[in-house]
Amino acid sequence: MKKILIISKNENLKKEIDKSGFFERVDIKENLDINRISMYDILIVDSESIAYEKYLNAIPEIIKRVESNYFISCNEDIYSNSVRTLGSYGIIVIPPHLTENQINQRICMLSVEGFKGKNNVISFFGAGPCVGSTMISQAVSSAISKHTDKRVIYISLDSEEAMGYLNINTNGAGLNTIKEKLINNLLTIEEFNLSCVKNESLYILPGEVDLKNVRHYHPEHIEKLIEFAKESFDLVVINAGSSVNGMSIGALNSCDTKFLITTQSTKNDIYFSKLMNQVFNSIGINNEDFLLIVNKYIDHSDYKDAMELSKTYSIPLVSVIPMVDYSLSFFAEYKGDSLYDSDLNFKNSINQLSISICKEIGLDFKFEELKRKKGLFRRN
């Protein structure tokens with residue numbers, strides 16, 4: 001087992017790594033003593049304790065003495081300045097805004113042979129407003145809950161309650177009821193479970209009803225929320241919306257599989273390109289982290305086809321969902337129903353996507369009349 005030295009003031013990071021049980025020894029110090037690091041296999045340096053320039057000067061001696069090195073960037077500027085330079089030395093740069101648990105997961109994945117985290121969290125993020133992240137995420141979670149014997153939860157982190165297509169009475173339950181305890185780290189697993197509602201076989205955590213409160217949720221709060229969900233459920237499905245805030249960043253950082261939903265509208269790839277260049281790249285989220293779903297698809301020569309869109313976004317294509325008749329879509333929204341039981345093409349597309357998700361995470365989708373397609377998640 002390996003020994004770790006952390007140069008940081010963050011005692012919670014030490015506790016999190018220690019708690020994993022994968023390492024023989026985990027020490028933490030506030031200052032870096034080059035002459036005393038040779039006894040460790042892994043060195044983790046926090047940029048809040050050691051300035052980037054000082055760390056850069058010490059690199060020749062550090063890599064001589066320690067086999068594996070990690071540098072935690074405390075903000076976007078340090079991350080963008082350090083990631084390529086340090087990467088050329090084989091040093092792993094940890095992006096900002098990750099929680100202690102997420103940092104621990106990354107270190108375990110890279111340094112513990114055979115380590116595999118619990119792969120049961122998926123998120124849907126929209127390449128722009130109104131691309132269908134709410135409809136698709138709700139339909140997928142409903143389909144999987146109906147056709148497996150596993151516990152599935154749908155969590156709305158779309159900056160609003162986002163219950164439009166489930167036609168349920170939340171009875172005041174949801175994220176807003178646990179906000180204060182979640183933010184103050186007082187929430188219990190029992191209180192989390194009580195804040196959910198059930199619709200047939202699907203459990204639901206309605207989103208925040210007060211838009212003014214969205215700014216109070218930071219990525220670490222969402223990380224904690226998702227940890228509770230992973231404890232209680234076999235599959236966690238998240239609607240991360242299309243905006244960049246603490247909710248969406250926390251969701252994308254915490255999930256195992258990220259789906260990007262887009263349409264053939266050019267404004268979506270322009271919007272998403274801005275998000276990627278101005279926000280996501282600076283916090284360690286890249287195009288290759290996503291899988292592409294093209295929604296509201298129209299098979300016409302005037303529009304880019306699905307494979308062209310995949311090249312435009314530089315993201316592997318996993319699903320194409322056809323355009324539904326507008327009046328049918330409008331009526332479904334008006335009634336508060338999903339299109340899942342209203343349009344056969346939409347239903348078949350959602351089922352095929354759901355089967356692929358279940359196959360990837362090891363769930364059995366009991367729907368024999370549909371043939372399973374292989375390799376949708378492969379990137380080669």
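Please treat every number below as a calculation from the coordinates, not as lab data. Quick caveat: nothing in here was measured; it's all calculated off a predicted structure. Cβ coordinates were reconstructed from backbone atoms using ideal geometry, including for glycine residues, and neighbour counts include every protein chain displayed.
Of note:
- Taking the number of Cβ atoms within 10 Å of each Cβ as an exposure proxy, the fewest-first ranking of 106, 215 is 215, 106.
- Taken as entire DSSP H runs, the helices of the chain that both span 15 Å or more between Cα atoms along their own long axis and average 0.0 or more on the Kyte-Doolittle scale are 133-147, 344-361.
- Note on the stretch 241-299 and the stretch 76-131: Cα centroid distance 16 Å, given to the nearest whole angstrom.
- Distant-in-sequence amide H partners of residue 93 (H built 1.01 Å from N, under 5 Å): 71
- Mean Cβ neighbour count within 10 Å, used as a protection proxy, ranking 128-137, 343-352, 50-59, 27-36 highest first: 128-137, 343-352, 50-59, 27-36
- Total charge dipole magnitude, the stretch 2-111, about the Cα centre, Cβ charges on Lys, Arg, Asp, Glu only, Debye to nearest 20: 300 debye
- A helix-only calculation puts the chain at -12000 deg cm²/dmol for mean residue ellipticity at 222 nm, using -39500 (n - 2.57) for each DSSP H run of at least four residues, averaged over all residues.
- Exposure proxy ranking for 80, 195, based on other Cβ atoms within 10 angstrom of each Cβ and starting from the fewest, stands as 80, 195.
- Cut-off under 5 Å, modelled amide H: who pairs with residue 128 long-range: none
- Proximity of backbone amide H atoms, modeled 1.01 Å from N, is registered between residue 26 and 4 at under 5 Å, excluding neighbours fewer than 5 places apart on the same chain.
- Whole-Hz ³J(HN,Hα) from phi, Karplus 6.51 cos²θ - 1.76 cosθ + 1.60, for the stretch 38-43, glycine and proline x: 5, 7, 9, 8, 10, 10
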